[in-house]
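Take a look at the structure below.
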Amino acid sequence: NLEGFDRNVFPWISNNTEESRITDDDLMRYDVSKLAQWEIVFEHMDHKGIYLHFKTQESRNSQMLSLRERELYYRELISRFSHHLALNWNIGEETKNTEEEIIQFGWLFTNLDPYKHNVVIHSLPGGANYDRVFGTILRDFESEGRSAYTGFSFQVFDPPQVHRVILQWSLNAEEAGKSMVLSMDELGHWRDGVLPDSNTTAHNVERKDFLWGTYLAQGAGTESYFGFDHECNDLECEDLRSRDKWWNQCYHALEFFRKYVRYWDSSAADEVTGKKFWVLRDPGQTYVIYMFSENSNPAQTSVQLSTESTDFRLSW
């Protein structure tokens, strides 16, 4: 995150300071001792079953590297860390790269990675920003018949819009003929994100909109961002127990899908409730329906099953 908020995560031997600026020569010299220490952390994450998300740049340094420096940077990351079991490579956080660079950098990375891990990119929130980044990738796929990217990483300012946004871009990808891994990366305003337990032990907004809103829109998963205006925030948190009650919510959601849902064969089907509630359907097997009182009285809800010839058992 050279030039970013914290400026404390970078693989080179030098950093920008008030007294000196990093040079092009510095960007070709990597701190191998530091990178070896990173590997210790990543190996521990593997053993704990934690998915690695490598954000290769921030918006504030998206134009810092020359193409030669960028290729070496990608080669160093891939050669040292791409052997890990579960990860994605994020080509840009809140990317400010041009449309041409988005495509170029995606291919530069994908062509170097022998493991062909999930390659994603992250956008600023809002329809115009999504279209500039994600729309560019889908239009390129329609034109070229192939894509370097396998997923999109979302930031949504307004929590109640998460389900709609994820579902819309899932459908956009399907219409373009490309399956994409869609993850909810950053929830809500930068001031808040996932609140600490000292603010709320229920985490109702995060649970409903963030977790279930994503999963029932065919999203692949969620990540937890800690807002700047709260204790143990995005830049300084050293104690993940500050959101202990929130991790319980995440656990219960994951266990539900592991035990009861063939999510790999399921797709969103909100229309069976007249789009009053969120539905994930595995035809002939399971309908997961997330009900909430804002839209309608759950007790008076009907589900359209006219295409089914199976008897279903209702569980609450």
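The values are calculated or read from the model by the stated rules, or taken from the named source; none is laboratory data. Being a predicted model, the structure only gives us computed values, none of them experimental. Note that each Cβ is placed from the backbone with ideal geometry, even for glycine, and that neighbours are counted across all protein chains shown. Side chains included, ligands, DNA and RNA excluded: accessible areas come from the protein's heavy atoms. Shrake-Rupley method; radii C 1.70, N 1.55, O 1.52, S 1.80 Å.
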- Message: Being open to solvent by 40 Å² or more (accessible area, probe 1.4 Å) and hydroxyl-bearing (Ser, Thr, Tyr) is the filter here; which residues of segment 159-202 pass it?
- Response: SER179, SER198, THR201
- Taking VAL41, is it more than 14 Å from TYR73 (Cβ to Cβ), open to solvent by 40 Å² or more (accessible area, probe 1.4 Å) and modelled with pLDDT of 80 or more? yes
- Task: Determine whether segment 241-251 contains at least one residue that is of a type in the set (D, E, K, R), farther than 25 Å from ILE166 by Cβ and modelled with pLDDT of 95 or more.
- Result: yes
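Part of a helix (DSSP H, G or I) and crowded, with 18+ Cβ neighbours inside 10 Å - does that describe any residue in segment 215-237?
Looking only at segment 215-237, we keep the residues that are part of a helix (DSSP H, G or I), and these are 215.
Those still in the list that are crowded, with 18+ Cβ neighbours inside 10 Å too: 215.
Within segment 215-237, one or more residues are part of a helix (DSSP H, G or I) and crowded, with 18+ Cβ neighbours inside 10 Å.
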- Message: It is to be established whether one or more residues within segment 83-90 are on the phi < 0 side of the Ramachandran plot, part of a loop (DSSP other than H, G, I, E, B) and either of a type in the set (Phe, Trp, Tyr) or in contact with a strand residue (DSSP E or B) (Cβ under 6 Å, 6 or more places away or on another chain) (or both).
- Response: yes
- Those helices (runs of 4 or more DSSP H) lying entirely in segment 121-202 with at least 1 residues within 30 Å of SER293 (Cα to Cα): 127-130, 162-176
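Condition first: of a type in the set (Asp, Glu) and either open to solvent by less than 30 Å² (accessible area, probe 1.4 Å) or over 19 Å from ARG80 (Cα atoms) (or both). Now tell me which residues in segment 14-38 satisfy that.
So the first thing to find is which residues in segment 14-38 are of a type in the set (Asp, Glu), and the list is 18-19, 24-26, 31.
Of everything in segment 14-38, those that are of a type in the set (Asp, Glu) and either open to solvent by less than 30 Å² (accessible area, probe 1.4 Å) or over 19 Å from ARG80 (Cα atoms) (or both) turn out to be GLU18, GLU19, ASP24, ASP25, ASP26.
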